[in-house]
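Report on one structure; see the data block that follows.
Please treat every number below as a calculation from the coordinates, not as lab data. These numbers come from a predicted model, not from an experiment. When we count neighbours, we look across all protein chains shown, and the Cβ atoms used for this are built from the backbone with ideal geometry, even at glycine.
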Amino acid sequence: EQPSWGYSKANGPYTWVSHFPIAQGSRQSPVDLRSSDTRFDAKLQPLNYHYMPTSSRILNNNGFSFKLSFDDSSDPCVLSGGPLDGHFRMNQLHMHWGCDEHAGSEHSVDGNTYAAELHMVHWNSSKYSNMQQAVAQPDGLAVIGVFIQVGAEHKELKKITDLLPMITQQDSKIELSGLNPLLLLPCSPAYWTYLGSLTTPPLYESVTWIVMKEPLSISSQQLEAIQSLYSLRSGKHERLLNNYRPPQLLAGREIRASFK
Ligand SMILES: CCCSc1c(F)c(F)c(S(=O)(=O)NC)c(F)c1F
Ligand SMILES: [Zn+2]
C-alpha cells in the first residue's frame with residue numbers, strides 16, 4: 001500500500017529515498033537559486049497565460065497540503081511560452097509552508113527562504129492526454145512556483161484562506177468558485193527556469209520549473225489560516241507544518257533567468 005511518507009522525523013524528506021530511490025536522482029527539486037549558478041538567457045520568451053476565472057472548484061486537504069483541483073476538461077487554464085514547448089493545462093494548485101515566516105518555501109534565493117511557496121501544476125496537453133499520462137514523463141509537467149512573504153493582505157488568495165478554517169481536518173473539502181489564477185501571479189514577469197522534479201513522492205523528474213522572482217504578500221492572519229490546517233499523515237492528529245523539502249543538489253544543471 002502507499003507508504004505513508006510525510007514531514008516528520010520518522011517519515012520525512014531524508015527517509016523518502018527508501019521507498020523512492022529517485023530522491024537521489026540528478027534532477028531533483030527544490031534547489032537553491034544561487035546567482036552564481038544562474039545565467040540570463042535573452043532567448044527566453046515571455047510566459048503566456050490563457051487563464052480565466054474558474055468555475056466551481058474543490059478545495060481539499062489531502063493530508064500534506066491543501067490543493068485546488070481544476071477541471072481541466074472545459075475551458076482550461078493554459079500556460080505556454082517561456083521555456084516551454086507546447087501548451088500546458090493547469091491541473092491543480094497547492095502550497096508549502098513552515099511554522100514561522102522565515103522558512104516554508106521550497107526554493108530559496110541565494111540561501112534566503114520565504115514564508116511559503118505557491119505551486120501551480122500544469123501538464124503537457126500538446127503531447128499527452130491527461131495528467132496521469134504526463135506526470136512521469138521528462139517533459140510532462142510545468143510548475144510555476146511563487147514565493148509568499150508576510151505583508152499586505154492578498155485579496156485573491158483571501159478567497160482560499162477564508163475557506164481554510166472550514167477544512168482544517170484532513171480529507172475535508174469545500175467548493176470554491178470564481179478564483180482567477182491570473183491574480184495569483186506577481187506583477188513582474190521575471191522568472192528563473194530549470195529542469196527538476198516533483199518535491200513530494202513519487203518525486204518524478206518530470207517538471208520544467210518556472211520560479212517567479214517577485215514574491216506575493218499575504219497578511220499574517222492569512223498565513224496563520226494556512227498554518228492552522230491539520231493532518232493525520234503521521235498517524236497523529238497534528239498541525240500540518242513544515243511541508244517543504246530541503247534544497248537538493250543542482251548536479252551540474254543550469255538555471256536560466258528571464259531577466260538581467
Ligand atoms: C503525482 C501527483 C501529481 S499532482 C502534484 C502534486 F500533488 C504535488 F504536490 C506536487 S509537488 O511536488 O508537491 N509540488 C511541485 C506536484 F509537482 C504535482 F504534480
Ligand atoms: Zn508543491
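Which pairs break 28 Å Cα to Cα here: Lys43/Lys127; Lys43/Lys159; Lys155/Lys213; Lys43/Lys213; Lys159/Lys213; Lys173/Lys236?
Over 28 Å apart, Cα to Cα: Lys43/Lys159.
What three numbers, in Å, describe the spread of the alpha carbons of the chain along their principal axes, ordered from the longest?
Largest to smallest, the principal-axis extents are 48, 41, 38 Å.
Would you work out which of Ile167, Gly235, Gln222 lies farthest towards the positive end of the dipole of the range 151-256, given +1 charges on the beta-carbon of Lys and Arg and -1 on that of Asp and Glu, about the Cα centre?
Projecting each Cα onto the dipole axis, the largest value belongs to Gly235.
Once R0 is set to 35 Å, what does the formula 1/(1 + (r/R0)^6) return for the Cβ-Cβ distance between Ala251 and Asn130, expressed as a FRET efficiency to the nearest 0.05?
0.70
Residues with beta-carbon under 15 Å from that of Ser258, excluding Ser258: net charge, scoring Lys, Arg +1 and Asp, Glu -1?
+2
Compute the FRET efficiency between Gln169 and Ser73 as 1/(1 + (r/R0)^6), taking r as their Cβ-Cβ distance and R0 = 25 Å, and round to the nearest 0.05.
So the FRET efficiency works out to roughly 0.30.
For the chain, what does -39500 (n - 2.57) per DSSP helix run (n ≥ 4), summed and divided by total residues, give at 222 nm, in deg cm²/dmol to the nearest 500?
Result for the chain, helices only: -1500 deg cm²/dmol.
Can you list residues from other chains, or at least 5 along the same chain, whose modelled amide H is less than 5 Å from the amide H of Val109?
Amide H to amide H, under 5 Å and 5 or more residues apart or across chains, Val109 pairs with Leu33.
Starting from the Cα of His102, step 7 Å along the direction of its Cβ; do the same at Asn62; then give the gap between the two resulting points in nm.
Between His102 and Asn62, the label points sit 3.3 nm apart.
Using only the alpha carbons of the range 17-90, determine the length spanned along each of the three principal axes and report them from longest to shortest in whole angstroms.
43, 40, 20
Relative to the present Cα-Cα distance, how much length would full extension add between Glu238 and Thr15 at 0.36 nm per residue of separation?
Additional length available on full extension: 78.3 nm.
Charges at C-beta only: +1 for Lys and Arg, -1 for Asp and Glu. How large is the resulting dipole of the range 146-258 about its Cα centre, in Debye rounded to 20?
The dipole magnitude comes to about 160 debye.
Obtain the nm distance between the two label points defined at Gln45 and Gln149 by a simple spin-label model: each point lies 7 Å from its Cα along the Cα-to-C-beta direction.
Calculated label separation equals 3.2 nm.
Could you give me the percent of Cα pairs per 10 Å distance bin for the range 184-260, shortest bin first, beginning at zero and ending with the bin that holds the maximum distance?
All Cα pairs considered, the percentages come to 14, 32, 36, 17, 1.
For the range 107-149, list residues with backbone N below 13 Å from a point placed 7 Å from the Cα of Ser36 toward its Cβ?
Correct set: 110-111.
Using the alpha carbons of the range 72-191, what is the convex hull volume per residue in cubic angstrom, as a whole number?
149 Å³
Under the rule of at least 5 residues apart or a separate chain, name every residue whose amide H is placed under 5 Å from the amide H of Ile255.
Arg39
Under the 0.36 nm per residue contour assumption, what length would be gained going from the current alpha-carbon distance of Leu182 and Met52 to full extension?
Working it through step by step, the gained length comes to 46.1 nm.
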